[in-house]
Amino acid sequence: MSTKKAFATKLLCTTMLSGLALSGATAVAQDAPAAAAEDVIQVTGTRIQRTDTVAPSPITSVDAELFELNNVVNTEDLLNTLPQLIPAFDATSNNPGNGTATVSLRGLGTTRTLVLVDGTRFVGSGAAQVVDLNNIPAALVERVDVVTGGASAVYGSDAIAGVVNFIMRDDFEGVEVSASHEFSTNEGDAAITDVSVTLGGNFDGGRGNAVVSYGYTHREAVFQASREFSETAFWSPGPGTDPYIPGGSSSIPQTWVRPAAGNYFDTNPVDGSGDPYFLMTQPGGAIAERQVYNYAPTNYLQLPQERHMISTFGTYELNSNMELYVRGIYSNNVVDSQLAPTPTGTLGLTVNLDNPLLSTELRNLFTNDTSSNNGDGTADIRIARRMEEIGTRNNLRDTNTFQGVFGVRGDINDDWSYDAFYNYSRSSVAQILSGNISVSAFQEAILCDGGPTAIASGCTAPALDIWNGAGSVSPEAAEYVSRTGAQIDVIEATQAVAAVSGNLSNMASPMADVAPAVVLGLEYRESSASIRPDSVLGPDVRGFNQSLPIEGSFDVTEFFAEVDVPLITGRPGIESLGITAAFRASDYSTVGDVQTYAVGAGWEPVDSLRFRTQYNRAVRAPNVGDLFAPLTNGFPGAADPCSSGLGSFGAETIVANCVATGVPAASVGTPFQSNAQIESLFGGNPNVEEEVADTFTIGAVWQPTFLDGATVQLDYYKIEIEDAIATPSLQNLLDECYIQDISSSCDFFTGARNPSTGEIANPFFPELSSANLAILEAEGVDLRVDYLWDADQMGLPADLGSFGLNYYATYTLSNGYQNSPSAGFVACEGKFGAQCGEPTPEYKHVVQGSWYWGALTTSVRWRRIGSVDLEESFRPFVSDRELQIDATDYFDVTFGYDVTEAARLSVGIQNVFDEEPPVLTSTSSEQANTYPATYDPFGRRLFLGANLRF
C-alpha cells in the first residue's frame, strides 16, 4: 500500500472517529494503526478517558498532514488561517510587536486563550505570561486541537475563550530528516529555511520508546521599503477619492523649535504670514516650513529569526500497571525588531544665547520671546528632532525556553487508572534595546556648545549641533547622547497534577449499558515573573519607552472533578443520551477562593447524528503583570475635548470643566493641543480580581449514511466576559471628565495645563492601572465539513485514487467590548480600526481539497477573509477607499510526490494569484499601511521541501 493510500485510509478512520470523539480531526499523522475500537481516547476539553468519550464542547483539530501540505514552519501561520482565530503577533508584527508569536481565540485576547502541550501548561513570556508559539516545535506536532468556549473547570485559569492544545509525536521509530525553503517569487526575498532531524526507537523489548529531535529555522529580514504599498507612510486626504498623501511623523531629522510657553513662535519667516507653523532649522540657520519624516522604509515587514530547538520524549513500562513518561523541550529563539531612528518628542531644553552654533535668526527669536528668555544669558525652549545620526532603534530578543515533564500513569484495576506528573517550565529572555538617547546627556551636550558661557563652565561633553539641519550632529556627539539598554526577563511556571479516573460499574443507569465515568484530581501551580531592566531604560530614556522592574509570583491549589453519565442507550430514537459535568475549586494566593463549573448534555437519536450542548462558568485569574507591574510611562493617543470643536452637545459643561482645570476661556474649543500623544502612567493593581465568563455552546455532528466518509459539524457559541481586566482608556477618561462631568474620572488627571494656552503638558500623568472594568463578548456559528471518498464512489475509475475535502468556516454574529461602565459598547463584527484592531470579518473560511493518486498528492487551499468596514468613529475623516476592505481570497497549491516509500518531495505555491494586501493609511491601518498578520504582505511564495524517513 502506498504512503498516500495509507494516509487516505487513516483519514477515513479518523473522520469516522470524529463522529465519536467530535474532534473533527482531518487525520492522525502517525505510523501506528488507526485507533481500534477498544483504545482509550484522549479528547481535549475533558480528562475522561475511555472508548466512548465524546467532546463536551466544539473542537477543531488540525493534523500534521495539513502542516506538511502548507509548509508550516511557525505554528501560528496555520492557526491564524482558522476562522476561529483573529491574528495576534506573528512574523510581521514589528510595531506593534515584541518578537513573539501569540494566539487569540475569537479575538478575545492572548491572555484568555490557554495554550497547552500534550494537555500540560507551557511557560509564558513576559509579565503577562502569554505563550510564545515560537518555542513549540512545529516539526513534532501530531495535531492541534482548538476548543471553543470556557474550559476552566477542566484546565484551570485562562481557558475563557478556549484552549489550543498541541499534541506532539512522542512515539516514533526510525530516522526522519525534513528540510524546506520558501521565498517570495516577485522579489526573491522573505526566505525561510527550516531543517529538522528526528530519531526514535523502542528499547528493552518494546517496553520503552525514546524520541529526540533537533530543528533549525532561519527567517530573513524584509523591510517595508521593499514593497510599494509599505515604503511610504500614507496619510488620508479625508472624505473623497483623492490619492493618499505621503505622510509620516512631524519629528524629522531637522529640528522643530517652539517657545517655552505657547504653541508656536509668533512669526513665520518663510512667508511672513504669522501662520502657526513649527519652526524648523535648516543648514546655515535658515528656517523652513513644516515637513514630515517618512519612518516606514527602515521598519521590518518580516522580522528576522534564528531558532534552534531540541525536543525529547520517552516512555518506559515498569510493569503492567505503571508507565513512566518524560518530555523535554528546549528552544533558543532570536528575533529582531527595528524601528525608525529615535524621535525626541517634545523636549524642554535650556540653551545659551551665546551658542555659536545658533543662527542670528534663532538667537533673536529666543532672545525676544519673553516666555523663553530667562534674563541670565539662557533661554528655555522646546524642540523635537529625529535623531537619524544615531541610527535605527533595534530590539534584539534572545529567548531560551525549557519545559520538563516527568510523570507516571497506569491502571489500578479494570475500572480505574491514575496519572500524576510534574511540569517545570522556564523562559529567559535577554533584550538588547539600542538607538535610544539620554535626555540628561542631550541637555548637557546642548550647553557644551563651545561658546564663552560653555567654556567658562568647564563642560567637557562634545557639542551637540541640532541647529543646522539633518546630519549636523557629529559622530562624537551622537555617541555621547546615545544609549543601549538591556532587560532580562525570567518567567517560571510549576504544575503538579495527580488524578484518578474510572468507571462506576455499579452505578450504571438501568436504561444504559455504559457505566458513568469520573475523574478526581488535585493540582498545584506556581507562576513567577522577574523583569529586570537596566538603569538606561528609566525616565531619562527616549526611543523605547521606560521600563521598570517587575517582581511577582502567585500560587494556587485546586481540586477538580469530572463526570460523564450515560442515561439511556440503545433505545428507539435514543441511541444514547447522557450528561457531563465538571467542577474545580481553586485557592489562589492573590484572589482567594474561586469556583468554576461546567454542565453539558449529548443526545444521539441515531448512530449518524449527535447533538451536544454545554454551559461553562470560566475564570481568568490576574497574572503577574496585572497585579505587580509598576507605573511606567507611555504615550497613548487621545483628543483633548477642550481643544476640539464644542458643537452643541454639552458645550456649557465642557467650557466650565476646561476653565476649572486651567484652560483660558478664550482657548476652549480652539485647536491648541498640538500633541495627540499624552504621557500617561500604566501599571498593575494588586487589588485586581479574577475575570468571570459565561460560555454556552450547542451544536450537532452528522455523518450522513448516504454519503460514506462525510462528517458535518455545526456549532453555535456565545462567550460573555464580565469584570475583564483592562486599563482605563485615556480618551474615555477625558470624555467622561470634560463632557459627561464625571468627577471621579477627573481625579485621574494630576498634572497641570499650560497657563497660557491650556495645552496638556507632558507629563500630564493620569494613572491608568489595571482594573476589573471591561465587558467582552463573542457570538457566532462554526461550520465544519470533512469528506473523504474513493474515485469509484463517484463513478470514476478506481485507479484514480481518492479525494479529501476539509472546510472550516465561522459566521461571527457579535464581537465587541465595553471598556468602562460609562463607555459605549464597541461592536467589532465586520469591522476594523483603532478600537477594534485586526479585521474581524463576519464570515471567514479555509478549504483544503486533496487528490491522492498513487504516489502523487495534489492539494489546493482556499482562504477567504470576508469584507470588513472601517469602524464608525473614523469614517468621517478618511477617503472613500478606506471605508471598506473587500473580501479577500487566497489560493495555495501543493504537490507532494513519494519518490520511494522512504523519500518524499514537495513543491508548493502560496498566494498563487499574487493577491496584494489592502492599502490603507496610518489613520486606519495597524502597520505597514495594512494589517500584515491578516493579509498576505509578501505576494506569491514558492516553497520546496524534502522528507527522508528510514
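The values are calculated or read from the model by the stated rules, or taken from the named source; none is laboratory data. Please read these numbers as outputs of a predicted model, since none were measured by experiment. Positions of Cβ are backbone-derived with ideal geometry, glycine not excepted, and every protein chain shown enters the neighbour counts.
Return yes when Gly200 is over 30 Å from Ser359 (Cβ atoms) and modelled with pLDDT under 95 and no when it is not.
Yes: the conditions hold for Gly200.
Would a scan of the stretch 31-51 turn up a residue that is assigned to a helix (DSSP H, G or I) and at pLDDT below 85?
no
Gly684 passes all but one of (1) free of Cβ contacts under 8 Å to residues at least 12 places away in the same chain; (2) touching a Ser or Thr at 6+ places or on another chain (Cβ under 6 Å); (3) small (Gly, Ala, Ser); which number fails?
(1)
Do you know which residues across the stretch 849-890 are touching a Lys or Arg at 6+ places or on another chain (Cβ under 7 Å), assigned to a strand (DSSP E or B), closer than 17 Å to Glu916 by Cα and without any contact (Cβ under 8 Å) to a residue 60 or more places away in the chain?
Within the stretch 849-890, Arg864, Val868, Asp889, Tyr890 qualify.
So which residues in the stretch 864-903 are crowded, with 20+ Cβ neighbours inside 10 Å, of a type in the set (D, E, K, R) and modelled with pLDDT of 95 or more?
Asp892
For Arg483, indicate whether it is buried (at least 20 other Cβ atoms within 10 Å of the Cβ), closer than 22 Å to Val556 by Cα, touching a strand residue (DSSP E or B) at 6+ places or on another chain (Cβ under 8 Å) and basic (Lys, Arg).
no
Yes or no: the stretch 425-445 includes at least one residue that is on the phi > 0 side of the Ramachandran plot, more than 41 Å from the chain's Cα centre (by Cα) and touching a residue at least 12 places away in the same chain (Cβ under 8 Å).
no
Do we find a residue being hydroxyl-bearing (Ser, Thr, Tyr), farther than 30 Å from Arg121 by Cβ, at pLDDT 95 or above and in a loop (DSSP other than H, G, I, E, B) anywhere in the stretch 391-402?
yes
So, in the stretch 904-934, how many residues would count as being surrounded by fewer than 20 Cβ atoms within 10 Å (Cβ to Cβ) and among the aromatic types (Phe, Trp, Tyr)?
Of the residues in that region, 1 qualify.
What do you reckon, is Val62 part of a strand (DSSP E or B), in contact (Cβ under 8 Å) with a residue 60 or more places away in the chain and touching a helix residue (DSSP H, G or I) at 6+ places or on another chain (Cβ under 7 Å)?
yes
Give the residue, chosen from Thr857, Thr810, Thr840, that is β-branched (Val, Ile, Thr) and either over 24 Å from Thr888 (Cα atoms) or in contact with a helix residue (DSSP H, G or I) (Cβ under 8 Å, 6 or more places away or on another chain) (or both).
After ruling out the rest, the residue left standing is Thr857.
For the subset of the stretch 223-264 comprising residues that are assigned to a loop (DSSP other than H, G, I, E, B) and among the hydrophobic types (A, V, I, L, M, F, W, C), which member is farthest from Ser667 (Cα to Cα)?
The residue in question is Phe229.
In the set Ser472, Ser482, Ser505, which member is out of contact with any Leu (no Cβ under 7 Å at 6 or more places or on another chain) and either closer than 30 Å to Thr399 by Cβ or modelled with pLDDT of 95 or more (or both)?
Selected residue: Ser482, the only one of Ser472, Ser482, Ser505 that is out of contact with any Leu (no Cβ under 7 Å at 6 or more places or on another chain) and either closer than 30 Å to Thr399 by Cβ or modelled with pLDDT of 95 or more (or both).
Quick one: in the stretch 624-666, which of the residues that are closer than 30 Å to Pro686 by Cα and at pLDDT 85 or above is surrounded by the most Cβ atoms within 10 Å (Cβ to Cβ)?
If we take residues in the stretch 624-666 being closer than 30 Å to Pro686 by Cα and at pLDDT 85 or above, then Asp626 is surrounded by the most Cβ atoms within 10 Å (Cβ to Cβ).
Within the group Leu776, Leu714, Leu768, Leu734, which residue is closer than 30 Å to Thr858 by Cα and among the hydrophobic types (A, V, I, L, M, F, W, C)?
Unique residue meeting the criteria: Leu714.
Cβ-Cβ distance below 8 Å, separation of 6 or more or different chains: which pairs start in the stretch 479-496 with a residue that is without any contact (Cβ under 8 Å) to a residue 40 or more places away in the chain and end on one that is surrounded by 16 or more Cβ atoms within 10 Å (Cβ to Cβ)?
What qualifies is Tyr480/Ala441; Tyr480/Ala445; Tyr480/Ala461; Tyr480/Pro462; Tyr480/Leu464.
Quick one: is Ile466 at pLDDT 90 or above and either in a strand (DSSP E or B) or more than 30 Å from Ser438 (Cα to Cα) (or both)?
Taking the combined requirement at face value, the residue does not satisfy it.
Tell me yes or no: at least one residue of the stretch 615-623 is assigned to a loop (DSSP other than H, G, I, E, B), of a type outside the set (Gly, Ala, Ser), at pLDDT 85 or above and within 30 Å of Ala529 (Cβ to Cβ).
Yes, the conditions are met somewhere in the stretch 615-623.
Could you run through the stretch 567-607 and say how many residues are crowded, with 19+ Cβ neighbours inside 10 Å and in contact with a helix residue (DSSP H, G or I) (Cβ under 8 Å, 6 or more places away or on another chain)?
Number of matching residues: 5.
From Thr185, Thr148, which residue is more than 21 Å from Ser331 (Cα to Cα), of a type outside the set (Phe, Trp, Tyr) and surrounded by fewer than 20 Cβ atoms within 10 Å (Cβ to Cβ)?
From the options Thr185, Thr148, the qualifying one is Thr185.
Name every residue in the stretch 701-756 that is surrounded by fewer than 17 Cβ atoms within 10 Å (Cβ to Cβ), over 20 Å from Asn772 (Cβ atoms), among the acidic types (Asp, Glu) and in contact with a strand residue (DSSP E or B) (Cβ under 8 Å, 6 or more places away or on another chain), in order of residue number.
Selection gives Asp708 alone.
Looking only at the stretch 547-566, count every residue that is closer than 26 Å to Ser438 by Cβ and surrounded by 20 or more Cβ atoms within 10 Å (Cβ to Cβ) and tell me the total.
Selection size over the stretch 547-566: 2.
With the condition kept exactly as written, say whether any residue in the stretch 319-330 is aliphatic (A, V, I, L, M), at pLDDT 95 or above, out of contact with any His (no Cβ under 8 Å at 6 or more places or on another chain) and closer than 30 Å to Arg483 by Cβ.
no
What residue, of Ser372, Ser417, Ser440, Ser457, is surrounded by fewer than 17 Cβ atoms within 10 Å (Cβ to Cβ), over 30 Å from Arg532 (Cβ atoms) and small (Gly, Ala, Ser)?
Step by step, each of Ser372, Ser417, Ser440, Ser457 is checked, and only Ser457 is surrounded by fewer than 17 Cβ atoms within 10 Å (Cβ to Cβ), over 30 Å from Arg532 (Cβ atoms) and small (Gly, Ala, Ser).
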